[in-house]
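Here the structure comes first, spelled out in structure tokens, and everything after it is commentary.
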Amino acid sequence: MCGIVGISGNQPVNQQLYDALLMLQHRGQDAAGIATLDAEQIFHLHKGNGLVAEVFHQAPMAELQGSIGIGHVRYPTAGSHSAAEAQPLYVNAPYGMVLAHNGNLTNTQMLANQLLRAHRHLNSRSDSEILLNNLAEALYQQRENSSKVEAVFSAVTQVQRELRGAYACVAVVLGYGLIAFRDPHGIRPLALGQRQQLNGQVDYMVASESAAFSAVGFQFIRDVAPGEAIVVTPAGELFSRHCAEPVQHTPCLFELVYFARPDSILDGISVYQARINMGHYLGAKIARSWDPLPIDVVMPIPDTACDAALSIATRLNLPYCQGFVKNRYVGRTFIMADQPRRQQSVRRKLNAIPVLFQDRSVLLIDDSIVRGTTSQQIVAMAREAGAKQVYLASLAPQVRFPNVYGIDIPGRDALIAHGRNMEAIKQQLGVDGLIFQDLNDLLAAVRQENSSITQFEASLFTGEYITGDIDSHYLAQLSQQRVV
């Protein structure tokens with residue numbers, strides 16, 4: 001899971017891209033990068049491992065000249081770990097292109113073989129480099145097209161036919177402008193915004209989440225539709241076209257559970273309201289399952305679960321308090337690159353307030369339980385702070401299967417819910433009581449905000465992969481590549 005942004009305007013975009021990436025930092029804390037194109041048609045690129053504020057300083061920012069550019073924050077997934085593979089990525093043929101990608105391709109080997117036959121050299125195992133060269137090759141095949149806009153749409157149409165998996169992409173192509181497109185299923189999010197200038201000109205922006213727009217003075221217009229491509233020409237004209245055969249729109253359910261900011265709207269769904277709804281449904285299940293309630297107070301595990309926990313406390317007519325203080329200078333433990341770093345960071349990230357735990361039965365609310373190691377440590381912290389009983393509720397169902405579309409959900413053996421029943425999971429976590437959201441209730445909670453979306457990508461709960469190309473051999477290969 002990464003964050004991408006692209007801006008085409010009439011003023012320097014370096015600071016705007018930086019500010020937008022800060023708003024998307026929650027989507028990736030492993031690496032960051034910005035690429036711009038100046039008036040002399042020269043690309044400027046700066047990227048590196050680390051947070052946005054660590055990668056960009058005064059000198060590199062001053063070199064990022066131009067009124068069009070893209071940015072990326074990276075979350076480590078299969079095949080993308082080194083600083084050299086930080087994005088945006090650049091290729092100089094046929095026209096000069098930079099590209100940033102959020103998601104994961106599932107047919108990379110086939111695509112790589114095709115590119116090698118077309119005499120395109122690949123310098124890494126990154127699926128993003130494969131995607132970049134695939135688009136570049138498709139554009140090269142359109143070199144006789146008299147319309148550059150039509151050439152882009154034809155190239156993206158070809159790319160959409162060949163790629164499998166999840167992808168939201170933004171690119172700048174020399175002479176063609178800003179390009180953005182989204183996979184036919186709409187698994188990964190992508191939104192479109194605009195800003196009206198005093199002279200009547202319009203600047204355009206695309207980003208992974210709508211929350212990024214307000215930080216740089218843009219207004220959210222709409223989501224980029226599944227299979228749609230957007231072109232903003234060097235003259236500032238916007239064109240759009242659906243470039244893929246229609247399929248079922250299936251956005252990622254885990255975006256709404258965990259990844260997205262609460263102030264974002266994804267595919268017409270308010271993330272904040274969806275999480276409030278999740279709390280309503282889970283609170284009702286807790287009331288049905290535990291009667292009488294053995295709980296004195298409801299506490300969220302910050303930050304993603306805070307809104308839903310308040311909803312649960314209201315539903316159960318119990319007090320709500322934030323018993324853990326979060327260190328804002330430690331990243332999200334789920335998206336850290338390896339398991340030892342996740343484990344080390346939990347106690348650096350959270351600290352309990354003993355007076356809120358002392359001699360009380362507490363109900364901890366978390367957005368999800370994946371590996372279980374983080375939850376174990378948080379439960380231990382609650383007991384150390386004086387809790388007499390610790391109960392745990394998850395806004396998501398049991399995570400039993402790997403994810404192949406850009407989320408680093410590990411192989412099944414690393415998942416706490418794999419091969420364990422509820423009693424075994426409870427014992428593993430060291431809790432007095434444990435409850436998970438039902439999948440049907442989770443789906444109802446998000447559909448309540450947009451009933452037109454009838455299906456979601458929920459493979460980590462169901463093991464059903466919507467692209468139809470995932471088998472046990474693929475999962476075994478992916479498991480070997482993961483950093484777990």
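The values are calculated or read from the model by the stated rules, or taken from the named source; none is laboratory data. This is a predicted model, so every value here is computed, not measured. Cβ: placed from backbone, ideal geometry, glycine included. Neighbour counts: every protein chain shown. SASA here: full protein model, heavy atoms, side chains in, ligands and nucleic acids out. Shrake-Rupley method; radii C 1.70, N 1.55, O 1.52, S 1.80 Å.
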Seminar exercise, completed: Note to self, the chain gives a 222 nm [θ] from helices alone (DSSP H runs n ≥ 4, -39500 (n - 2.57) apiece, / all residues, nearest 500) of -9000 deg cm²/dmol
For this session: Over the chain, give the accessible area per residue in Å² for a 1.4 Å probe, as an integer.
Result: 38 Å²
For this session: Calculate, in nm to one decimal, what Ser214 and Val330 gain on full extension: separation in residues at 0.36 nm each, minus their alpha carbon distance.
Result: 39.3 nm
Seminar exercise, completed: Once normalised by the length of the chain, the mean sequence separation of its alpha carbon contacts under 8 Å that are 6 or more apart gives a contact order in percent of 13 percent
Problem set entry | Cα-Cα separations in segment 1-154 greater than 27 Å, expressed as whole percent | 24 percent
Exercise. Which value, to two decimals, describes the C-alpha radius of gyration of segment 189-239 once divided by 2.2 N^0.38 Å?
Worked result: 1.12
Problem set entry | Projected area averaged over orientations for the chain, convex hull of C-alpha atoms, nm² | 22.4 nm²
Exercise. Dividing the convex hull volume of the Cα atoms of segment 422-484 by its residue count, what figure in Å³ per residue is obtained?
Worked result: 150 Å³
Problem set entry | Stretchable slack from Ala287 to Arg125, in nm (0.36 nm times residue separation minus alpha-carbon distance) | 53.4 nm
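If you stretched the chain out fully between His57 and Glu40, how much longer would it get, using 0.36 nm times the residue separation minus the C-alpha to C-alpha distance?
3.8 nm
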Problem set entry | In Hz, Karplus ³J(HN,Hα) per residue of segment 52-64 (6.51, -1.76, 1.60; θ = phi - 60°; x = Gly, Pro) | 3, 5, 7, 7, 10, 10, 4, 5, x, 4, 5, 7, 7
Exercise. Suppose every K and R has +1 on its Cβ and every D and E has -1 on its Cβ; what is the size of the dipole of the chain about the Cα centre, in Debye to the nearest 20?
Worked result: 920 debye
For this session: Considering Cα pairs under 8 angstrom that are at least six residues apart, work out the relative contact order of segment 13-166 and quote it in whole percent.
Result: 20 percent
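Pairs of Cα atoms under 8 Å, at least six residues apart: use those to get the relative contact order of segment 28-102, whole percent.
RCO, segment 28-102: 35 percent.
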Problem set entry | Solvent-accessible area, 1.4 Å probe, carbon plus sulfur percent, for the chain | 48 percent
Problem set entry | Formal net charge of residues neighbouring Gln273 (Cβ-Cβ distance under 14 Å; K, R +1; D, E -1) | -1
For this session: Could you pull out every one of the lysines with an alpha carbon less than 28 Å from that of Lys388, ignoring same-chain neighbours closer than 8 positions?
Result: Lys285, Lys326, Lys349, Lys426
Exercise. Between segment 1-22 and segment 116-151, how many Å separate their Cα centres?
Worked result: 24 Å
